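The next block holds one structure in the form of structure tokens; read it before the comments.
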Amino acid sequence: MFCSNCGEKLPENAYFCFKCGVITSHGVEAGAAYPWRWDKEVQKALSTAAQEVEKAFNNLRENINQSIKRETVSCPQCGEKNQPDSTFCHNCGKKLN
Ligand SMILES: [Zn+2]
Ligand SMILES: [Zn+2]
């Protein structure tokens, strides 16, 4: 078997020319991908991973924003700051909104 591009003599089972990197007819038959295809797959996987990280980061940031939004409730009677979900003031027992 000879390389169709550079004419180098290649082993019969070679998928690619070891000299110029061109895929051989044997490689085409075997469905071997070009080396650059592998790069693209890696890039795709990396960008997918990056998107996952960004999504997780956005979720985290949203959670932080929500916890900041949960402000304490000031008692209208004594001014004591109560937990956001309080029904009654923990200091004086006044009903909160
Ligand atoms: Zn070659
Ligand atoms: Zn109170």
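The values are calculated or read from the model by the stated rules, or taken from the named source; none is laboratory data. Bear in mind the structure is a predicted one, so any value in this text is a computation, not a measurement. All Cβ positions, glycine included, derive from the backbone under ideal geometry; neighbour counts span all protein chains shown.
Need the failing condition index for residue 73 against (1) at pLDDT 85 or above; (2) within 30 Å of residue 89 (Cβ to Cβ); (3) within 33 Å of the chain's Cα centre (by Cα), just the number.
Condition not satisfied by residue 73: (3).
If I go through the stretch 1-16 residue by residue, how many of them are touching a helix residue (DSSP H, G or I) at 6+ places or on another chain (Cβ under 9 Å), of a type in the set (Gly, Ala, Ser) and near ligand 1 (Cβ under 8 Å from one of its atoms)?
Number of matching residues: 1.
Looking at residue 37 and the list (1) at pLDDT 90 or above; (2) more than 16 Å from ligand 1 (Cβ to nearest atom), which single condition is not satisfied?
Every condition holds for residue 37 apart from (1).
Where residues in the stretch 1-18 are in a loop (DSSP other than H, G, I, E, B) and farther than 16 Å from residue 29 by Cβ, which of them is farthest from ligand 2 (Cβ to nearest atom)? Lay out the reasoning, then the answer.
Kept after step one, since they are in a loop (DSSP other than H, G, I, E, B), are these residues of the stretch 1-18: 1, 3-8, 10-15, 17-18.
From what is left, the residues that are farther than 16 Å from residue 29 by Cβ are 5-8, 18.
On the way: 5: 85, 6: 88, 7: 92, 8: 89, 18: 83 Å.
For the stretch 1-18, the residue satisfying everything is 7.
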